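So the structure is just underneath, and the comments pick up after that.
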Amino acid sequence: MDFKLLEKTLSDHAQPHFRARQVWAWAARGAAGFEQMTDLPGALRATLAERVPFSSLALQVETRAGDGTVKALFRTVDGHPLEAVMMSYPARSAARVRRSVCLSSQSGCPLTCTFCATGAMHFARNLSASEIVDQALHFRRSCELDGPLPSNCVFMGMGEPLLNLDSVLAACERLPDLGISHRHTAISTVGWIPGIEALAQQEMPLRLALSVHAAEEALRSQLMPVNERHPLRDVIDACRAFYARKRRRVFVEYVMLAGVNDSYAQALELARLLSGPERSTAERRPGATRTRRAPGGPQDSASRGERNAAAIFKVNLIPYNPISAARRAGENGSLRPAYTGSTPAAIAAFRDALRSRGIPTTVRLTRGREITAACGQLAGKGVS
Ligand code: SF4
């Protein structure tokens, strides 16, 4: 729903200030249209239905996978495509399913990560806060008759959220009304340092997720050209500063590409990067007394850097969803590299290498493979 248009329409009809909140409360609870807002005057409901589109997005295609993943392709009123996904996971502590929505912040993306379908698309524009919230509202409505409501949100759809931070934050302010708390909302970035610094300064306890994908600067620049502008070491420093201010652990996202970034040595390099300096200044001073650890304890072999890294970072290894040759063709017709996903054995070995260095590491469940659920894949299938 276009909030500005809603507020203007209410103002044009001399409605009291609380009306906008009243309409929003209905929408956030999953109302399907103005006609369901029974505590609004009937004439006003009719006026709103005539003048304010209930969603700022038109649903173009929706696909469902056997694992419960739902992917939606929308168009903005000016015709730009964007995608959003809802994933279902078994809850940890009960038999209930947990649902998470993955939202887009831009139509297309100005950054050109070489493994990403969205990166091969034309960048259209930033999305407004209303267009971001309408993605979540779409799934909120579809869950009304269909089990649990989404309780988690990640900004890992199309676009770099920190290049559109004002709209993303305005959308985040509304998500708790849908049942998605700030603590369960994660904003993902490829490492846009000014955005990380700005995010650290605002009050909502949002999570930060950093797409790393390679610990070596040269390889990362090949995979993610943004690394030339914001080198990984500087980005990691910005993440440490984010943690120091917010005390919110940073998720490190690492997509597993066979033969590219999935070797044992690369896992150790990632562990070194996250662990930072191994010894404190005091420990480096000649004659400084070293702290003794109890032998045999769980942290016995962990360096100070590893213990710091375990507090600050948690790594998610992501099995790769290959993109088609058609999608790999960039806007200028040049074909981007063909990556394949790492084998389960390679992913497990990488995970174990990180854990052996004290880095908390999980492998993300694959979701929606048959409906090409990775960002940009549906828009690139000829339906955009
Ligand atoms: S991975 Fe993210 S930042 Fe990189 S091209 Fe894709 S959408 Fe853009």
**Q.** Hz values of 3J(HN,Hα) by residue in region 254-265 - Karplus curve (6.51, -1.76, 1.60), Gly and Pro given as x
**A.** 9, 7, 8, 10, 4, x, 10, 9, 10, 7, 4, 4
(Q) Past the 27 angstrom mark, what percentage of all C-alpha to C-alpha distances in region 1-154 do you count? (A) 32
**Q.** Listed peptides 40-49, 20-29, 104-113, 76-85 by packing density, highest first (mean Cβ within 10 Å)
**A.** 104-113, 76-85, 20-29, 40-49
Q) Which cross-chain or sequence-distant (5 or more) residues have an amide H under 5 Å from the amide H of F313, H modelled 1.01 Å from N in plane? A) V250
Q. When the Karplus curve 6.51 cos²θ - 1.76 cosθ + 1.60 is applied with θ = phi - 60°, which whole-Hz ³J(HN,Hα) does each residue of region 13-27 get, with x for Gly and Pro?
A. 9, 6, 8, x, 4, 5, 4, 4, 5, 5, 5, 4, 4, 5, 4
Q | Amide H contacts of A117 (H built 1.01 Å from N, under 5 Å, at least 5 apart or other chain) | A | none
Q: Identify the residues of region 206-232 with backbone N under 13 Å of a label point that sits 7 angstrom from the Cα of H182 along the Cα-to-Cβ direction, or state none.
A: 206-208
Q: Could you run the Karplus curve 6.51 cos²θ - 1.76 cosθ + 1.60 with θ = phi - 60° over region 338-343 and give me ³J(HN,Hα) per residue in whole Hz, x for Gly and Pro?
A: 9, 9, 10, x, 5, 6
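Values quoted throughout were computed directly from the atomic coordinates according to the rules given, and no laboratory measurement underlies them. Given the structure is predicted, the values throughout are model-derived calculations rather than measurements. Cβ coordinates were reconstructed from backbone atoms using ideal geometry, including for glycine residues, and neighbour counts include every protein chain displayed.
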